Structures are given as C-alpha cells and as structure tokens.
Amino acid sequence: MSTSSSSSTSSSFPSVTFSSSSSRFHVSLPKRSVFAVPDGAGVGIECRSGSVWITIDSDTRDIVLEPGERFEGGDHRRVLVSALEPSCITVSDARPAAMPLPAPSPRAWSPWRLRPHGLSPA
C-alpha cells in the first residue's frame, strides 16, 4: 500500500522534458497541479493535451487553453499554469528578459550635487 501512496504523491508534480532546442520544453501536468513562469515576458505557452487555466499577476482575465491553443506573454509578470485535467504544455522562448529601468525621478537631480568634473554650483 505504501508503494501506491508514494506513486500517487510523485504523480502530483509536473514533469519537465527538454527538447533539442534550448528555448523549448514540454511539461506534463497532473490534474490540479500548477506550473509557474516567474517572468512571462516573451514566453509562449501551448496546450498540447488536456486543458489549462492561465493566470497572470495583477490581471483579471481568465485564460483557458484547450489542445492546439497558445498564449503569448507580453509583460514582466508571473504566469501560473493550472491543470484543469491531466495536461501537457509546451513552453517556448523561455529566456531571461531584461527588466526595464525605472525613469529617474525629478528629485534625483540636485544642483547641490557635485558635477561630473568635480565642480559644484557654488
């Protein structure tokens, strides 16, 4: 009995298979399991079998993918892929994306700071 319990525990986790291309991999998701993509910018998720629900941080949309449907991430937000049933997805173009630098605030510049050549305004 302990063997079946152990096998049911191990089957509740996603399994990842890498293809020959470094920018694409396949994920098998048991029902109710979740796969997280920390930065969804430029990432494509294609449902190969089953059905998955995609949620994006700070986004109110409900995105459900059926086999053959694809989602393209456009923002630097976490993407969660939840399996509504046993499913397989392909994640492509998953590579670190550069985070944009925030615009400098107007208060960051001060006439009292030293200028590039060691001169002060006074």
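For Gly68, indicate whether it is at pLDDT 95 or above, on the phi > 0 side of the Ramachandran plot and open to solvent by less than 40 Å² (accessible area, probe 1.4 Å).
Values: at pLDDT 95 or above: yes; on the phi > 0 side of the Ramachandran plot: yes; open to solvent by less than 40 Å² (accessible area, probe 1.4 Å): no.
No: the conditions fail for Gly68.
Do we have any residue at all in the stretch 91-111 that's part of a strand (DSSP E or B) and either open to solvent by less than 50 Å² (accessible area, probe 1.4 Å) or modelled with pLDDT of 90 or more (or both)? Can you show your working first?
First, the residues of the stretch 91-111 that are part of a strand (DSSP E or B): 91-92.
Now restrict to residues that are either open to solvent by less than 50 Å² (accessible area, probe 1.4 Å) or modelled with pLDDT of 90 or more (or both): 91-92.
Yes, because at least one residue in the stretch 91-111 is part of a strand (DSSP E or B) and either open to solvent by less than 50 Å² (accessible area, probe 1.4 Å) or modelled with pLDDT of 90 or more (or both).
Pairs only if they're at least six apart or on different chains, beta carbon under 7 angstrom, first in the stretch 21-33 and part of a strand (DSSP E or B), second among the polar types (S, T, N, Q) and modelled with pLDDT under 95; list them, first residue then second.
Arg24/Thr90; Arg24/Ser92; Phe25/Thr17; Phe25/Ser19; His26/Thr17; His26/Ser19; His26/Thr90; Ser28/Ser15
The values are calculated or read from the model by the stated rules, or taken from the named source; none is laboratory data. Predicted model, so just to flag it, every value in this text is computed and none were measured. Positions of Cβ are backbone-derived with ideal geometry, glycine not excepted, and every protein chain shown enters the neighbour counts. Ligands, DNA and RNA are stripped out before the accessible areas are found, and what is left, the full protein with its side chains, is counted by its heavy atoms. Shrake-Rupley method; radii C 1.70, N 1.55, O 1.52, S 1.80 Å.
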